[in-house]
1. Among the aspartates and glutamates, which have Cα under 19 Å from the Cα of Lys221 when same-chain residues fewer than 8 positions away are ignored?
2. Sticking with the crude label model, points 7 Å out along Cα→Cβ, report the distance from Thr147 to Val252 in nm, one decimal please.
3. Going by a ≥ b ≥ c, the root eigenvalues of the Cα gyration tensor, does the range 1-151 fall in the rounded group (a/c under 1.5), the prolate group (a/b larger than b/c) or the oblate group?
4. Treat every Asp and Glu Cβ in the range 186-354 as -1 and every Lys and Arg Cβ as +1, leave all other atoms uncharged, and give the resulting dipole magnitude about the Cα centre to the nearest 20 debye.
5. Taking neighbour counts of Cβ atoms within 10 Å as a proxy for exposure, in what order, fewest first, do Lys106, Lys221, Lys97 appear?
6. Please work out which option in [x] 66; [y] 41; [z] 53 gives percent of Cα pairs over 30 Å apart calculated from these coordinates, and answer with its label.
7. Arranged by the count of other C-beta atoms within 10 angstrom, fewest first, what order do Glu212, Glu21 take?
8. How would the range 125-249 be classified by its alpha-carbon gyration tensor: rounded, prolate or oblate, with rounded meaning a/c under 1.5 and the a/b versus b/c comparison settling the rest?
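Only the coordinates and a few stated rules stand behind these numbers; no lab work does. Note that the structure is a prediction, hence the values are computed from the model and not measured. As a convention, Cβ positions derive from the backbone with ideal geometry for all residues, glycine included, and neighbour counts pool all protein chains shown.
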Amino acid sequence: MRVALVHDWLTGMRGGERVLEELCGLYPEADLFTLIHVPGSTSARIESRSIHTSFLSRVPGIHRHYRAWLPLFPAAALQLDLSGYDLIISCSHAVAKSVRVPPGAKHLSYCLTPMRYVWDGRDAYLGTGLRRALTTPLVAWLRRFDTRTSGPDRVQRFVAISSAVRDRITRSYGRDATVVHPPVATDRIQPDASPPDDFYLLVGGFVPYKQEALALVAFRKLDRRLVVVGDGPGRAAAQAQAPPQAEFVGRVSDAELARLYARCRALIYPQEEDFGLVAVEAQAAGRPVIAFGRGGAVDSVRPYRDDRTEEGPGDATGIWFDRQDPDALAAAVARFEEHEAVFDPVRIRAWAERFSPDRFRRAFQAEVDAVLGSPPTRP
């Protein structure tokens, strides 16, 4: 059986690429197809594949401004030649799931989310002013394309990374999906047996949906120490308006991030993610998460409730807040400090291990077996 893996683009190692890396391990003989590839930008396992790209990858300097080429993404995906493959596995948050499937082949789409730019993430990427108005015809066309290429003739089986993404697939495409949570490398992150240090941790990307500004305003009100990890286009503006007790450390190594996870009182998680590896990584270090209770956090963070969780408060792994505003986050931090003794690092770590790569491999292979056993698609 010939297997093809399809990914939107290869320009760096983010959450989607960590999933792809695991798929490369599951299917070591598979070829890899993508719209754009910047050589050396991903892991050795991914770079070792036979990588086939679209015409976009030959555009000079495209790796710096590839999102500006959004109108050509559908044509680039349709141009990828998957002739001769028996199983197509797309790992998609944009157009990778829209590829042409050869007659008789099976296509499983591991959906990171329906195309962010035109569905749930439209406000974050396109704003609400003139830019959004000007892009309205393009968005309408992309939605039609995205829906048209999501039927059973193109995708025999959808698998979602979270229950939130499963619901988006139903709303956007009218399709059912099962949920297989992404793999998290919990084995490289370990709890620290000593009491935590007196700081909270924020891991950001400094793009609008990450909500770093919300956290910084909340911590100005709280007068608590906040260590901020990460970099991105909005970092300078955020740092200029940050309270004095916020410490920006920029990008750090995996080992240093694991140490910060293990030493913080709790992770601050104000964003709505599709799944969110960072929340699980913090829990792998035995630390609670103070999270906005929507999106991936619904699956990955078990909330403390004053009226007890289903199994008891000792099994809680964090605190949810229900509004993305500084007052709601500040109140959640205060509530956490009131109940901090409830959170058991051993149990939090045990919860995080449910998202291990071994669990992912077993669950994903079951989905592949299911799609291979489904009736053939008509040419």
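1. Asp198, Glu212, Glu247, Asp322, Asp325, Asp327, Glu337, Glu338
2. About 4.6 nm separates the two model spin labels.
3. Prolate is the answer for the range 1-151, as a/c is 1.5 or above and a/b outweighs b/c.
4. Dipole of the range 186-354, to the nearest 20 debye: 320 debye.
5. Ordered from fewest to most neighbouring Cβ atoms within 10 Å, Lys106, Lys221, Lys97 come out as Lys221, Lys106, Lys97.
6. [y]
7. Listing Glu212, Glu21 from fewest to most nearby Cβ atoms yields Glu21, Glu212.
8. Oblate, because a/c is 1.5 or more while a/b does not exceed b/c.
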